[in-house]
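The structure appears below as structure tokens.
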Amino acid sequence: MSQEQQEEVILKVKRFNPEKGFWWQEYKLKVDRFTQFTEALRRIKSEQDPTLSYRASCHMAVCGSCGMKINGEPRLACKTLVLDVVKKHNSNVITIEPMDYFRPIKDLIVDWDEFYERMFKVKPRLYPANEVLEGKAEHRLKPEDQKELWKFAQCIWCGLCVSACPAVVIDSQFLGPAAHAKGYRFLADPRDTITEERMKVLIDSAWRCTYCYQCFNVCPRDVEPVTAIKKTRSFTKLYKEKSDVAERGEKHVEAIYESITKTGKLAEAAVYLKTYGVLQSLIDLIYMSKTGKLKYALVQERSVQNINEIKKIMGGE
């Protein structure tokens with residue numbers, strides 16, 4: 001390989017050990033247009049610093065072991081080319097950090113125990129009928145059902161979506177995007193026999209998602225966990241033992257639909273009132289008044305022209 005085909009980069013790695021805590025360490029190396037971050041880290045470990053610790057296995061974006069933050073973005077190191085990041089950020093200095101949310105163990109290695117606990121809460125396997133287990137019958141999956149499940153079955157448990165998710169940090173009862181993707185894959189499987197049990201685990205949590213779409217942005221397999229969460233919410237109408245969170249979520253959806261159908265726009269004050277009720281709305285109005293935000297709730301909206309066209313779209317006519 002000629003010298004012209006290589007570029008020197010500086011990898012700033014956020015390192016950690018329990019005795020010392022966090023610190024930054026820089027490594028210089030030359031890379032070409034084929035060099036992945038797993039290869040760059042392997043070379044650093046073998047040629048410069050054998051104490052550097054990270055996880056990697058398949059180098060093919062299949063096992064999900066090499067998740068880390070590269071220039072602040074949760075990425076799979078094996079699927080990310082060094083020079084692509086240089087070009088994107090117009091800098092040969094690149095930061096590498098352990099994933100957010102996960103407890104660090106050493107350098108880029110994090111503790112997966114809580115992640116796995118969340119994943120196993122959704123019972124990530126098929127529970128077929130007894131007749132199938134006894135060999136007296138067989139389950140067949142229709143092509144349209146397979147098409148519905150396939151995307152969500154592609155989750156490789158890499159944890160990037162959880163690292164990017166703000167909701168898992170602030171709400172311990174939210175299972176996280178990865179668990180919901182895996183959970184919906186079996187909730188929607190017509191061969192499964194524990195639908196009621198799955199709804200009990202998934203529905204309340206599904207309404208705790210903030211729809212920030214960060215999981216959508218960082219998933220290396222285009223699984224779209226946020227889509228799985230939306231689809232899980234549609235099962236709420238079938239579930240009898242709804243939590244307060246789920247009931248409020250349903251009210252919110254109904255209020256939005258009613259607002260757009262009647263007015264052609266999102267009348268936020270009316271939606272809030274229907275979602276949270278009169279008492280809670282009055283309490284929040286007092287807070288808004290004290291903070292000078294009440295004027296935003298009392299804005300006079302202009303009427304939408306051709307409202308009948310919107311009603312047709314919404315199915316109101």
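Any idea which residue in the stretch 281-317 is modelled with the highest pLDDT, counting only those that are assigned to a loop (DSSP other than H, G, I, E, B), open to solvent by less than 100 Å² (accessible area, probe 1.4 Å) and within 13 Å of Thr263 (Cα to Cα)?
Val304
Please determine whether any residue of the stretch 179-186 is open to solvent by 10 Å² or more (accessible area, probe 1.4 Å), over 12 Å from the mean Cα position of the chain (by Cα) and among the small types (Gly, Ala, Ser).
no
For the stretch 117-153, which positions are open to solvent by less than 50 Å² (accessible area, probe 1.4 Å), within 30 Å of Ser172 (Cα to Cα) and of a type outside the set (Gly, Ala, Ser)?
Arg118, Met119, Val122, Pro124, Leu126, Leu149, Phe152
Looking at (1) modelled with pLDDT of 95 or more; (2) surrounded by 14 or more Cβ atoms within 10 Å (Cβ to Cβ); (3) not acidic (Asp, Glu), which is the only condition Ala61 fails?
Failed condition: (1).
Could you list, in sequence order, all residues of the stretch 19-34 that are surrounded by 19 or more Cβ atoms within 10 Å (Cβ to Cβ) and touching a residue at least 40 places away in the same chain (Cβ under 8 Å)?
Of everything in the stretch 19-34, just one residue is surrounded by 19 or more Cβ atoms within 10 Å (Cβ to Cβ) and touching a residue at least 40 places away in the same chain (Cβ under 8 Å), namely Val31.
Do the conditions hold for Ser46, that is, is it open to solvent by 30 Å² or more (accessible area, probe 1.4 Å) and without any contact (Cβ under 8 Å) to a residue 60 or more places away in the chain?
Yes; evaluated as a whole, the condition is true for this residue.
Does Val132 satisfy the condition of being in contact with a Leu (Cβ under 7 Å, 6 or more places away or on another chain) and hydrophobic (A, V, I, L, M, F, W, C)? Please lay out each step first, then the result.
Numbers: in contact with a Leu (Cβ under 7 Å, 6 or more places away or on another chain): no; hydrophobic (A, V, I, L, M, F, W, C): yes.
Spelling it out, it is not the case that Val132 is in contact with a Leu (Cβ under 7 Å, 6 or more places away or on another chain) and hydrophobic (A, V, I, L, M, F, W, C).
Considering Ser46, Ser53, which residue is out of contact with any strand residue (DSSP E or B) (no Cβ under 8 Å at 6 or more places or on another chain) and over 18 Å from Val93 (Cα atoms)?
Matching residue, one of Ser46, Ser53: Ser46.
Name the pairs: first residue in the stretch 109-124 and on the phi > 0 side of the Ramachandran plot, second residue assigned to a loop (DSSP other than H, G, I, E, B) and at pLDDT 95 or above, Cβ to Cβ under 8 Å, at least 6 apart or on different chains?
Lys123/Ile194
Suppose we filter the stretch 32-71 for residues that are small (Gly, Ala, Ser) and either in contact with an Asp or Glu (Cβ under 8 Å, 6 or more places away or on another chain) or more than 18 Å from Pro104 (Cα to Cα) (or both); how many remain?
The total comes to 5.
Can you give me the number of residues within the stretch 260-274 that are under 20 Å from Lys295 (Cα atoms) and assigned to a helix (DSSP H, G or I)?
Of the residues in the stretch 260-274, 7 are under 20 Å from Lys295 (Cα atoms) and assigned to a helix (DSSP H, G or I).
Exactly one of (1) under 24 Å from Ala206 (Cβ atoms); (2) open to solvent by less than 60 Å² (accessible area, probe 1.4 Å) is unmet by Glu254. Its number?
Failing condition for Glu254: (2).
The values are calculated or read from the model by the stated rules, or taken from the named source; none is laboratory data. Owing to the predicted nature of the structure, the values given are computational and were not obtained by experimental measurement. When we count neighbours, we look across all protein chains shown, and the Cβ atoms used for this are built from the backbone with ideal geometry, even at glycine. SASA here: full protein model, heavy atoms, side chains in, ligands and nucleic acids out. Shrake-Rupley method; radii C 1.70, N 1.55, O 1.52, S 1.80 Å.
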